[in-house]
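Undergrad: Let me begin by handing over the structure; questions about it come next.
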Amino acid sequence: MNEQTHLSAWRVPKDAFPKRGTHAEQFKFLVNYALLAPSIHNSQPWRFRVTGEALELFADRKRSLRVVDPDGRALAISCGAALFNLRTAMYYFGCVGEARPFPDPRQPDLLARVTLDPSKLHPGGWTELFNAIPVRCTNRGPFEPREAPPALEAALRDAARLEGAWLALFKSARVKKAVALLIAEGDRIQFSNPRFRRELAQWLHSARDKDGVPGYAKGVNELLDFTAPAIAYLVRTFDVGNGVAARDSDLATGSPLLACLGTARDDPLAWLNAGEALQRVLLVATAHGFDASFLNQPIEVPALRPKLGGLSAHKYYPQVLLRIGRGVPAKHTPRRPIEDILIY
Ligand SMILES: Cc1cc2nc3c(=O)[nH]c(=O)nc-3n(C[C@H](O)[C@H](O)[C@H](O)COP(=O)(O)O)c2cc1C
């Protein structure tokens, strides 16, 4: 497989949807959209099993990040984002059905079972969200300072609410500064931990790989892709926390919107829902022509999470911290081929 193949996942031929195919054939096609979801370190920690009339979503714990995500929270959020893409594609192609989270208490890794209801066919639903799936990508560059329109803010809040989550928008310079201080503190704490650096370095990959974060997604010139092992070595070996903290703090205060997405509970079901809400928020931003990227450090460092919650009216429980604005267009990152994630 080469780089081109791993990026070709983004060009799903939507006309190829097997309208008259079996449910199993339709599910297999829909998974092409699920795998375009964002995931922590582009770990893509999901697997799908087509079982006759149902599609099952499993957590792939072999891909979990034990240092930065010891409870599997970010893993479940990533899988929730994939589930939302799947649901969106289902609506778009008219396969209305049901997605039951955690259908079997004896199988905690079985995150959702999706079934179709052939009596309900409404092709063309959720078109705006659907069209945004192959366009969305994380943009880690600086954003223009121009304010976000109030209509976008309302649409983002609605997107989170429709999926059972809340979205707090930090707009004033004072609160943004307070959030930026937490982000910088999170960076310094994380980078001072050699185990964190080692794990991060393991996921800094070449653009030819099918997972992980390639250098170009972090702002490294694409021609320097061959330096990926050297960059991973630097990250693994040196505490660059102060430099990262300064850069992230500038990115945060310079972004038109900082948005914290959260849920009323903090358990695997809430994390899965948070992932669905996250992806809905990201797709709405994309549909409005806006970019987003993640600054999750104050959520990943347990001591900082309540402080971030305290800055929003909701308090419990922050799950994802985003910055939203418009930047120089970013490039898509690779995806694992569908054969790697389908279980038979
Ligand atoms: C739960 C979650 C947490 C993430 N945390 C971070 C983060 O702290 N910093 C960052 O730069 N990207 C973060 N990301 C973004 C991923 O690195 C990104 O989704 C992945 O590399 C795939 O790239 P794409 O979003 O452009 O498709 C996170 C994504 C998810 C779903």
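The values are calculated or read from the model by the stated rules, or taken from the named source; none is laboratory data. In this text the structure is predicted, and so the values were computed from the model without any measurement. Note that we place each Cβ from the backbone using ideal geometry, even for glycine, and neighbour counts take in every protein chain shown.
Undergrad: Only one of Pro150, Pro105, Pro145 is touching a residue at least 24 places away in the same chain (Cβ under 8 Å), more than 19 Å from the chain's Cα centre (by Cα) and over 21 Å from Asn296 (Cβ atoms). Can you tell me which?
TA: After applying the criteria, what remains is Pro145.
Undergrad: Give the residues of the range 32-63 that are assigned to a helix (DSSP H, G or I) and more than 16 Å from the ligand (Cβ to nearest atom), sorted by residue number.
TA: Scanning the range 32-63 gives a single hit, Lys62.
Undergrad: Which one is nearest to the ligand (Cβ to nearest atom), of the residues in the range 78-104 that are at pLDDT below 90 and small (Gly, Ala, Ser)?
TA: Gly97
Undergrad: For the range 231-344, which strands (runs of 3 or more DSSP E) that fit wholly inside it have 3 or more residues that are away from the ligand (no atom under 13 Å from the Cβ) and over 19 Å from His41 (Cα atoms)?
TA: Hits in the range 231-344: 257-262.
Residues checked against (1) away from the ligand (no atom under 16 Å from the Cβ); (2) assigned to a helix (DSSP H, G or I); (3) closer than 24 Å to Leu261 by Cα:
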position	(1), (2), (3)
Arg106	yes, no, no
Phe130	yes, yes, yes
Arg136	no, no, yes
Glu153	yes, yes, yes
Arg174	yes, yes, yes
Ala178	yes, yes, yes
Asp187	no, yes, yes
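Undergrad: Take the range 181-208 and flag every residue that is touching an Asp or Glu at 6+ places or on another chain (Cβ under 6 Å) and not aliphatic (A, V, I, L, M).
TA: Within the range 181-208, Asp187, Phe191, Ser192, Ser206, Arg208 qualify.
Undergrad: Among the listed residues Ser39, Ser43, Ser8, which satisfies the condition of being of a type in the set (Gly, Ala, Ser) and in contact with a Lys or Arg (Cβ under 6 Å, 6 or more places away or on another chain)?
TA: Among Ser39, Ser43, Ser8, only Ser43 is of a type in the set (Gly, Ala, Ser) and in contact with a Lys or Arg (Cβ under 6 Å, 6 or more places away or on another chain).
Undergrad: Tell me, yes or no, whether the range 82-92 has at least one residue that is farther than 17 Å from Leu30 by Cα and within 19 Å of the chain's Cα centre (by Cα).
TA: So far as the range 82-92 goes, no, none of its residues is farther than 17 Å from Leu30 by Cα and within 19 Å of the chain's Cα centre (by Cα).
Undergrad: I'd like the residue in the range 203-230 that is within 14 Å of the ligand (Cβ to nearest atom) and among the charged types (D, E, K, R) and, out of all such residues, is modelled with the lowest pLDDT.
TA: Lys218
Undergrad: Follow-up. Considering each residue of the range 51-93, count those that are closer than 17 Å to Val114 by Cα, in contact with a helix residue (DSSP H, G or I) (Cβ under 6 Å, 6 or more places away or on another chain) and surrounded by fewer than 20 Cβ atoms within 10 Å (Cβ to Cβ), and give that number.
TA: Summing the residues that are closer than 17 Å to Val114 by Cα, in contact with a helix residue (DSSP H, G or I) (Cβ under 6 Å, 6 or more places away or on another chain) and surrounded by fewer than 20 Cβ atoms within 10 Å (Cβ to Cβ) in the range 51-93 gives 1.
Undergrad: Just to be sure before I move on: is Leu162 under 30 Å from Pro13 (Cα atoms) and either aliphatic (A, V, I, L, M) or not assigned by TED's automatic domain parsing to the domain that holds Arg305 (or both) in the structure I sent?
TA: In short, yes.
Undergrad: Please name all residue pairs, on different chains or six or more residues apart, with Cβ atoms under 9 Å, provided the first residue is in the range 29-43 and is at positive phi and the second residue is more than 13 Å from the ligand (Cβ to nearest atom) and not hydrophobic (A, V, I, L, M, F, W, C).
TA: From residues that are at positive phi, the pairs are His41/Gln202.
Undergrad: Just wondering, is there one or more residues in the range 136-148 that are of a type outside the set (Ser, Thr, Tyr), under 29 Å from Ala16 (Cα atoms) and in contact with a helix residue (DSSP H, G or I) (Cβ under 7 Å, 6 or more places away or on another chain)?
TA: Yes - at least one qualifying residue is present in the range 136-148.
Undergrad: Tell me, yes or no, whether the range 3-23 has at least one residue that is closer than 23 Å to Val281 by Cβ, within 12 Å of the ligand (Cβ to nearest atom) and surrounded by fewer than 21 Cβ atoms within 10 Å (Cβ to Cβ).
TA: Within the range 3-23, one or more residues are closer than 23 Å to Val281 by Cβ, within 12 Å of the ligand (Cβ to nearest atom) and surrounded by fewer than 21 Cβ atoms within 10 Å (Cβ to Cβ).
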